[in-house]
Amino acid sequence: MDPAALLESGARSPAALLESGARSPAALLDWGLRELRDLPWRATRDPWAVLVSELMLQQTQVARVLPRYAGFLARFPDPAACAAAPPGAVIERWQGLGYNRRAANLHRAAAAIVAHHGGRVPDTLDDLLALPGIGPYTARAVLAFAFERDDVGVLDTNVARVVARQAGRRLGRREAQQLADGAVPEGQGWLWNQSTIELGARVCRKHTPACDACPVAATCAWHLGGCRAPDPADGSAGTSGPQTRFEGSDRQGRGRLVDALRTGPVPLERVPDVAGWPGDPDRAQRVAHGLMADGLAEESDGALVLPR
């Protein structure tokens, strides 16, 4: 069946379009073999190294992760080394990556891996999801990129955009994950997922999709329909919405405090100044309490310090 005729008939899933003969999964795999960037976390199948990279890359650009990835692994080469270190040491090494809560979560996950899995990152979805701070995306990424599983689709914001546009409609979380899982060709879990992430990041972009350069444009329902508004990716599960303003936010104050703690204790009376709100001590205190609740700071001898 012609792809346009299939589209008109009501078929919308990527699998149905692929089965039409419009374009084989090989097109995306071939594109990935040519176009995947040479990134250090793509050269390893070590589950711990993959887990570290995925937590670093959450909401952080590749360019910021690249100069810090190797040094972090040199300091914490496996879960046991990470778990044995104080949480503050992990937070110190996280400098420049933002979203410091991820460092605390990584330390908690390492401790759980040592306590419950003999120091080896588990290889089942349920066990990975049971680790502190590990969500569906990260768990599936470890399965696909470390264990090369071909029964899981890695659904980050870029992949979710690709899947929704291929389907031609807004997707809920369950359906988006099912479509991502079902599209993975047998025996090609690593390359397929890496290629789909790369496609979403560089070609199937949010605001300026490069459909002429897309290897799977012939199976994309949104493209075949003329890319008319509304974009099915908008509001689909897994796609990111507009980020809240950072300047003047609590996140900015948190970041200032954690950066200061990396150099030494911050006396409690100086917390408002360091957070950037000298005239709002109540807000500074609330943010400091949030850091302590998240395991990013603790109080000792009248000062905030990194957790020990």
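The values are calculated or read from the model by the stated rules, or taken from the named source; none is laboratory data. As the structure is a prediction and not an experimental result, all values here were calculated from the model. Every residue, glycine as well, gets a Cβ built from its backbone with ideal geometry; the counts of neighbours run over all protein chains shown.
Exactly one condition in (1) assigned by TED's automatic domain parsing to the domain that holds residue 215; (2) basic (Lys, Arg); (3) in contact with a Phe, Trp or Tyr (Cβ under 9 Å, 6 or more places away or on another chain) is not met by residue 68; state its number.
(1)
Looking at (1) under 25 Å from residue 196 (Cα atoms); (2) touching a Gly at 6+ places or on another chain (Cβ under 6 Å), find the lone condition where residue 136 falls short.
Of the numbered conditions (1) under 25 Å from residue 196 (Cα atoms); (2) touching a Gly at 6+ places or on another chain (Cβ under 6 Å), the odd one out for residue 136 is (2).
Being over 10 Å from residue 162 (Cβ atoms) and in contact with a Lys or Arg (Cβ under 7 Å, 6 or more places away or on another chain) is the filter here; which residues of region 199-221 pass it?
Residues satisfying the conditions are 206, 218, 219, 221.
Can you tell me how many residues in region 185-205 are among the hydrophobic types (A, V, I, L, M, F, W, C), touching a Gly at 6+ places or on another chain (Cβ under 9 Å) and either closer than 16 Å to residue 62 by Cα or without any contact (Cβ under 8 Å) to a residue 40 or more places away in the chain (or both)?
Total satisfying the criteria: 1.
Every residue in region 119-137 that is under 22 Å from residue 176 (Cα atoms) and in contact with a Phe, Trp or Tyr (Cβ under 6 Å, 6 or more places away or on another chain), please.
Scanning region 119-137 gives no hits.
Mind checking which residues of region 164-181 are surrounded by fewer than 18 Cβ atoms within 10 Å (Cβ to Cβ) and either within 11 Å of the chain's Cα centre (by Cα) or part of a helix (DSSP H, G or I) (or both)?
The answer is 173, 174, 175, 178, 181.
May I ask you to verify whether residue 236 is outside any loop (DSSP other than H, G, I, E, B), surrounded by 18 or more Cβ atoms within 10 Å (Cβ to Cβ) and not assigned by TED's automatic domain parsing to the domain that holds residue 61?
The answer is no for residue 236.
What is the number of the single condition among (1) more than 30 Å from residue 82 (Cβ to Cβ); (2) surrounded by fewer than 14 Cβ atoms within 10 Å (Cβ to Cβ) that residue 276 does not meet?
Evaluating residue 276 over (1) more than 30 Å from residue 82 (Cβ to Cβ); (2) surrounded by fewer than 14 Cβ atoms within 10 Å (Cβ to Cβ) leaves (2) as the failure.
With the condition kept exactly as written, say whether any residue in region 292-303 is in a strand (DSSP E or B), in contact with a helix residue (DSSP H, G or I) (Cβ under 6 Å, 6 or more places away or on another chain) and buried (at least 18 other Cβ atoms within 10 Å of the Cβ).
No, that holds for no residue.
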